[in-house]
Structures are given as structure tokens and as C-alpha cells.
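To keep things clear, I will list the structure first and then write my remarks on it.
The values are calculated or read from the model by the stated rules, or taken from the named source; none is laboratory data. Every value quoted in this text rests on a predicted model; they were computed, and no experiment measured them. In this analysis, Cβ positions are derived from the backbone assuming ideal geometry, glycine residues included, and neighbour counts consider all displayed protein chains.
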Amino acid sequence: MSHILLPLLAQAAPIEVPPLTPGMLVVFGIVGLALVLFITEVIPIDVAAIALLVVVVALEPWTEVSPQDGLSGFASQATITVLAMFILSEGIRRTGLLQMIGDQIIRLAKGSPRKQLGALVALAGSTAGVVNNTPVVAMMIPMAVNIADRTNQSPSKYLIPISFAAMMGGMLTLIGTSTNLLASDVSARLLDRPLTMFEFTHLGALVLIAGGTYLLVVGWKLTPARVKPRESPMEAFEMGEYLTELHLLEGSPLAGKRVDQALVELGLDLEIVRLRRKGQVFDPPIGPKELQEGDLLLVRTDPITVHELMALRGIGLAKGQTVFRDEFEEGEEPVRSSVELVVLSETPLVGETLRSLDFRQTFGVSVLAIRRGRGILHRQLKDIELEGGDTLLVHGAPDKIQRLSQDRNFIVIREVEKREFRRSKLPVALGILGLVVAAAATGLVPIVVSALGGVVAMVITGCLRPGELYGAVDWNVIFLLAGVIPLGIALERTGGAEFLAHLVTAHTTGWHPLFLLFFFYLFTALITEIVSNNASVVLMIPVAVGAAGLVGADPFSFLLAVTFAASTPMLSPVGYQTNLMVYGPGGYRFTDFFRVGALLQLLLATVTTLGIWLFWGV
């Protein structure tokens, strides 16, 4: 161990930084543009990535990236493999495997919140090693909320740990996250050494055990209980002042008009979410229905608008009709008619408004409120641009709610009625996934071939239907990967990565390689808080590999440090998609992630750095 105990400021020859070239300046400018676009999200990230691809190719005389090179991201093994893994993950999801395990968790850990948390963390971490961690968290959010409801616990206590565990579990195998596959592609290009299936499993297991222990011992105390136990959606969204029962009186000018027409003529911030007529109840969509005298209407509006309505002829408060509202809040139907939906960050809905989406007509439900972080929005909902992580409180007929639970743009937080899973296909789907992993791990065929073969097998065996393949793919991630790969190529060919490597090492002269490795881990983790994990891998690996070469360290060790760091940014809800997915359902504050994740980030940086030194050396 004597080489580890060398002085931190050992004498070393000064490292000269090479001169800047026009090509480097152009590429650095494009990288700066990429950072601005990724941070501000003025356009969707996947569109920004394609725009960057066009810019890189258009400036070929300086970037040295030809059109063929620019399009290589679409043909990259990493891109194709990620696409195939999305489909394989969907095949596993359709069997209901996680729901079955969730039922067992409730049965075995009932009455002990700490045991429930341990089981959820273990499930999220272990499953994310073979199924992409994003769909794992999507499936586990309603499971965790259901467990919390049935055991009188706050769901907030479970959701951040589930996200963190899934992030760490993604580092168990090559296919755990798209970041690993992209890192393998970059490693093959720079070091002629693609990552194998279980190349870093032992390190991933060490990280998961250390991080999981932290979440159970320290994280449990630091994770706040923001959402009250068994709090109904109406209570959670503070709807008390924003639901009013109205009565259409005799002679009302609205009688005889369609609901949608009446709303336009009134011109108020008002939405009719339920209509009762002679004992019969109508849920959305009710726009085409014709209003009649005596109708009872449950409306979503604010107290000021209620006063304006009371000044109109033929409209009154539905006195003595509180049962109507009570039924609405309790939800007598076999399927909940009021549920919370999380808008996923990488969907076409982000940036749109309820008006531009014609949300009520498209999905057949009314939006009653929007929760964004800790804030709850009740007014002018139709003109609010949706953001990833927004939680919508919606109301609609049972069949519409059931359809929403199948829509991949959303996560329905609380469970609706039991879905029709293909449980009989579970052994087949697991067998296919096992063969994919085994074929790639043994080197029988490249992972891209085994993954695509698994996709074909899923369809042939009936685990997936042909029409379900395209909906299973997160196309935003695919286009992001294809778009950022050429930027990495430009950074390498122009010497930009070498320049940055010299710049870093010139300012860390005398550092022991182990501390330089620790620095790259922390710096990558911080960068990933503001740009996507895939972008940070493409930008940071060439720099880290170059720096390792300059100080005589093992480039592969530095590549691993960057890869692990890019997959575990834990300081904010925007650092990783799974964090954003739990942000709204947990009712968290932005700082809650830092509160729970800061110590964990330092722990993982230490464990990963020492683990790399122990297993591979530096």
C-alpha cells in the first residue's frame, strides 16, 4: 500500500497545455451551446441533440465530423441496444412481475415501515440491474403509495429511497442503464475495450450495499414525510375551496345549450367535472351534453368566480346537495374516478398546455389541479405549460381512468383496479431475458445481437404484441443518444478533449491519481445535475481518459469513475429522470434531494473510488 500513501503534493514535472486551435474553439462553442440548451430546455432535449448534430456536421471543416460520422449515432451499438432493452423491459412489465413481488412485500413486511423500506430498496436496486431503471421506478411508484396507504405511512418516506436505489442498481450490469451502454461504446472507441455484461458487477454490488445501508439507517431519518398518511387526493391538492355544487334554476339561459358551448359563453375560469340529472351521474367527457333546468353541476373554480356566477340569472348554489360532492371525493366506482398522474419528463406533453392538447377531449378527463413541487396550481389551468414531474389531479369515468393507467406519458400514482397482466408468460419472458444476458455475457454474440434477438422472441412467444413495440421505446432517449455521440467524436478529433485533460492535470500537478479519480467522480456527478447523464458521459470520458494518460494512471479506471458518477446524481430532482418521477408524488421540496443525497453522494464517491482502486488499480 506504499504507493497509496505517497505525499499529496509530490514533485512532478509541469504539464504544458497545448495551444488552442480554431477547431477546438468551434467545438467548445458547440459544447457551450449544448449546455445552454440542455439546462434551459427552451426546446426539448432530444430536439436540441439533433440540432447539435446538424451544427456539428455543418461545421465539418472545423469539427472534422463528416455526415457519415454525424449519423453514426443512429447506427451505434449503444443506441440500438438501448432501444432493444426498452422493449425487453416492457415485456417483463406486461407480466406483472413487480406487482406480484409488491404483494409479497406487503404480506411479509406489514407493520414494520423499516422492513417495507428495506424490501422496496432491495427490489428497486436488484431489478434495475436487468431492467432499465426508469420503468422500474415507474412501476414501483404506485406500489409504494399503495403500501403506504395500507399501512398508514407517508409515501414520501419511500419514494426518494426507491429512486436512489434504482439509480445505484442500474450499475450492477451493462444493461442496467443507457449510460452504461453509451460508456461501453465510448470505451470501445477510445480504449478498444468495450464493457462486458458483468465487468463492474462486483463494484456495483458494493455501491448498492453501501448506499442501501445508508438509506435504511441515515436516509430513513433524513427523508421527510411531506404527504400525510392516507391523505385523499382531494385533501392533498387542497381542493376544499375549489369544488362548488351549482344548480341550474328554472329559466336559466344556459338550459338547452351544450356544456362546451355554455363554458365558452360564460368566459370564466370554470370547468364542469360532473353532472347529475334525476339521480343519474355523468362524468367527463360531458362537453356534448345538453344542459337542462334542474341539473346539478359539480364545478372546478375559485371562490371569486363563484361570486361572479351567483350574479348571473338562473344559477344558484345546490343547497343541501353535499352528498353529490361526498360521493365524488369518496369514489364509489369500482375504479377510482379521481387519481393523480405524473407527467414524465421525456414525453411530447412537456411544454404543451391543457388547451393546446385539448386534454379533456383527448383523454376524457377533467384536470382539477396541478402540483409542481410543493406548489399547487388551481387557477387558469388550461394555459399552464406542463413540465416534467408535474402531478395532475384528474377526474373522469372509470374506463377513462383505466385507459390513462396504460398511457406511457403518465404514471398513475395510486393503483386503479388490477390490470390484466400476462402472468402465464412470466416464465417465458424471464427465460428470454436470461438468454439475452447469458448470450452477451459469454461472448456468444454481441449484446446488440442478443438484445434484438430477445425482442423477436418476445413477439413470437406472445409476451408482447407487435403493436406494443413502438410504444415501449422512449424515443427521446434514442434521439438524445444519436445526437450527442457526434459531439463526443468532434471533441476527440479536434483535440478538445486532450486540451481539457491537459488543463485539468496542469492545475492538479502533484495529486495522487486516487485523488484525481475522486475529483473526476465528483465533478461528473455535479455536471450531471445540470445536463443529462448521457451527455455528461460523452463529454467527460474523453477528458478523464486523457488526464489519466498524462499522469500515468489507468484510463479504464477513470472511465469507470465517470460512468458511475453520471448514473448517480443525487442532489436535485432534475439530476436524473427517476428523481423527477418521484418529485411530485412525494410532495417534496427541491432541497429534500440534497438533504437526503448529499452525504450519500460523498459516500458513493468514496466507495466507488476505493472500489476501483481495489479491483482495477489506478
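Annotations
- Filter pass, Leu452 being part of a helix (DSSP H, G or I), touching a residue at least 60 places away in the same chain (Cβ under 8 Å), of a type outside the set (Val, Ile, Thr) and surrounded by fewer than 20 Cβ atoms within 10 Å (Cβ to Cβ): yes
- Taken together, the criteria place Ile401 among residues that are modelled with pLDDT under 85 and assigned to a helix (DSSP H, G or I).
- Hey, Phe28 modelled with pLDDT of 80 or more, among the aromatic types (Phe, Trp, Tyr) and buried (at least 16 other Cβ atoms within 10 Å of the Cβ) or not: yes
- Given (1) out of contact with any strand residue (DSSP E or B) (no Cβ under 7 Å at 6 or more places or on another chain); (2) farther than 30 Å from Gln577 by Cα; (3) at pLDDT below 80, number of the condition Val264 does not satisfy: (3)
- Among the numbered conditions (1) more than 14 Å from Val31 (Cβ to Cβ); (2) surrounded by 24 or more Cβ atoms within 10 Å (Cβ to Cβ); (3) among the aliphatic types (A, V, I, L, M), the only one that Ala506 does not meet is (2).
- Candidates are the residues of segment 217-235 that are at pLDDT 75 or above and of a type in the set (Gly, Ala, Ser); the one that is farthest from Ile370 (Cα to Cα) is Gly219.
- Yes/no for Val207 being over 24 Å from the mean Cα position of the chain (by Cα), over 30 Å from Gly495 (Cβ atoms), part of a helix (DSSP H, G or I) and among the β-branched types (Val, Ile, Thr): no
- With respect to the stated conditions, Thr63 fails to be closer than 29 Å to Val459 by Cα and of a type in the set (Val, Ile, Thr).
- Matching residues in segment 45-62 - criterion: being of a type in the set (A, V, I, L, M), farther than 14 Å from Gly73 by Cα and in a helix (DSSP H, G or I): Ile45, Val47, Ala48, Val55, Ala58
- Which listed residue, of Ile175, Ile147, is of a type in the set (A, V, I, L, M), crowded, with 16+ Cβ neighbours inside 10 Å and outside any helix (DSSP H, G or I): Ile175
- Members of segment 264-280 found to be crowded, with 17+ Cβ neighbours inside 10 Å and either assigned by TED's automatic domain parsing to the domain that holds Val394 or touching a residue at least 24 places away in the same chain (Cβ under 8 Å) (or both), listed by number: Asp269, Leu270, Glu271, Ile272, Val273, Arg274, Arg276
- Segment 289-308, subset touching a strand residue (DSSP E or B) at 6+ places or on another chain (Cβ under 8 Å) and closer than 24 Å to Gln380 by Cβ, residue surrounded by the fewest Cβ atoms within 10 Å (Cβ to Cβ): Val306
- Just one of the listed residues (Gly204, Gly219) is surrounded by 21 or more Cβ atoms within 10 Å (Cβ to Cβ), among the small types (Gly, Ala, Ser) and more than 30 Å from Val538 (Cβ to Cβ), namely Gly219.
- If you filter segment 370-400 down to residues that are buried (at least 17 other Cβ atoms within 10 Å of the Cβ) and over 22 Å from the mean Cα position of the chain (by Cα), you find that the one that is nearest to Ile45 (Cα to Cα) is Leu381.
- Applying the condition of being more than 15 Å from Tyr521 (Cβ to Cβ) and touching a Gly at 6+ places or on another chain (Cβ under 7 Å) to segment 590-618 and asking which residue is surrounded by the fewest Cβ atoms within 10 Å (Cβ to Cβ) yields Phe590.
- Any hit, segment 116-137, residues being in a helix (DSSP H, G or I), within 18 Å of the chain's Cα centre (by Cα), more than 30 Å from Ser76 (Cβ to Cβ) and touching a residue at least 60 places away in the same chain (Cβ under 8 Å): yes
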